[in-house]
Amino acid sequence: MDFLRPTTLDEALAVKAERPDAVPIAGGTDVMVELNFDHRRPAALLDLTGVAELAEWASESDTGSDTGSDSARSRVRLGAGVPYTRLITDLARPLPALATAARTVGSPQIRNRGTVGGNLGTASPAGDTHPVLLATGAEIEIASVRGTRLVPADDFYVGVKRSVLAEDELITAVHLPTATGPQQFAKVGTRNAMVIAVCSFAIALEPGRVRAAIGSAAPTPRRARAAEDFLAGELPWASPVPLRDSVKRRFGELVASVAEPIDDVRGTAAYRSHALAVLARRTLGWAWQEFLDKHRKDDACA
């Protein structure tokens, strides 16, 4: 097995073009497990830890094209090699749901090494960051010697552990809008720490709009669009009041309805569907309470 160690992004892209069979490795938290259990034996590994450009993040702005607004909105360009630990310490305020998901990943050692870029590269349905990327409207920056493209998270996943990445492409960054409303993430596992999700859920609220997504309960992470549309029409945005239990229950039912769960060693299909409905109700309650508290605080300061 060849071990390739580029030191710049241009060099990494050139190597990937020459050796499309080379498997990228950054934190190695997924790749090394596959190698150790002999589930994979690539001809070459492409070590990206020496590429400094991938380990940086920066604030930027866009034109708000997703909402149809012309006003600029702050975004974060998150390098594919930024570890989970830095998400937690540096980006918890602008990207709260992503930071929450990062806190649930593995052990401190795994969080020090693992990256969102690696999560995307593996494209496992159980990846902890995937529901958040979908719920927040993230875009994946993909590069090759042929150029760079941005792919909406909605279009990135195409099957179990499969994505739109071409053989000569690398994930270089993720672009995420900074939070303008409450965001939540939660998952269920077979124990409290260092566990692969049985199922997971993320929600992001902004006045007039809801985005929600599930993980580890279908062949790919996916949006819960019917649940989004239902909730966006039910929430009392202008005059916030506590939510009716019937709204929470219906939202949970609609979230669970988009799942295509399986029975496996971590849980049954029936349990996954039930747990998703519970996670959806709970995270909605937390997010709406945050929205309600902010509205009351703003009224008190007016």
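What follows draws every value from the coordinates through simple rules; no lab data is involved. Computed from a prediction, not measured in an experiment: that's the story for all the values here. Positions of Cβ are generated from backbone atoms using ideal geometry, with glycine treated the same way; all protein chains shown enter the neighbour counts.
Using a Cα-Cα cut-off of under 30 Å, which lysines could be cross-linked to Lys248, ignoring same-chain neighbours fewer than 8 residues away? Lys248 reaches Lys187, Lys294, Lys297.
Amide H contacts for Ala173 (H built 1.01 Å from N in the peptide plane; partners 5 or more residues away or on another chain; cut-off under 5 Å): Ala80, Glu141. Restricting the range 123-226 to GluC sites (Glu not before Pro) that sit in a DSSP loop and have at most 13 other Cβ atoms within 10 Å of their own Cβ leaves Glu167. Between Glu56 and Ala92, the C-beta separation translates, for a Förster distance of 25 Å, into a calculated FRET efficiency of about 0.90. Calculated mean residue ellipticity at 222 nm for the chain: -10500 deg cm²/dmol, from DSSP H runs with n ≥ 4 weighted as -39500 (n - 2.57), summed, divided by the residue count and rounded to 500. For Lys161, a cut-off of 15 angstrom between C-alpha atoms picks up these aspartates and glutamates, skipping any fewer than 8 places away in its own chain: Asp30, Glu34, Asp128.
Dipole size of the chain about its Cα centre, with +1 on Lys/Arg Cβ and -1 on Asp/Glu Cβ: approximately 1080 debye, rounded to the nearest 20.
Does the range 124-215 come out rounded, prolate or oblate, given a ≥ b ≥ c as the square roots of the eigenvalues of its C-alpha gyration tensor, rounded meaning a/c under 1.5 and, failing that, prolate meaning a/b above b/c? If you can, show how the numbers build up before the last one.
Values: a/c = 2.48, a/b = 1.30, b/c = 1.90.
It comes out oblate by the Cα gyration axes.
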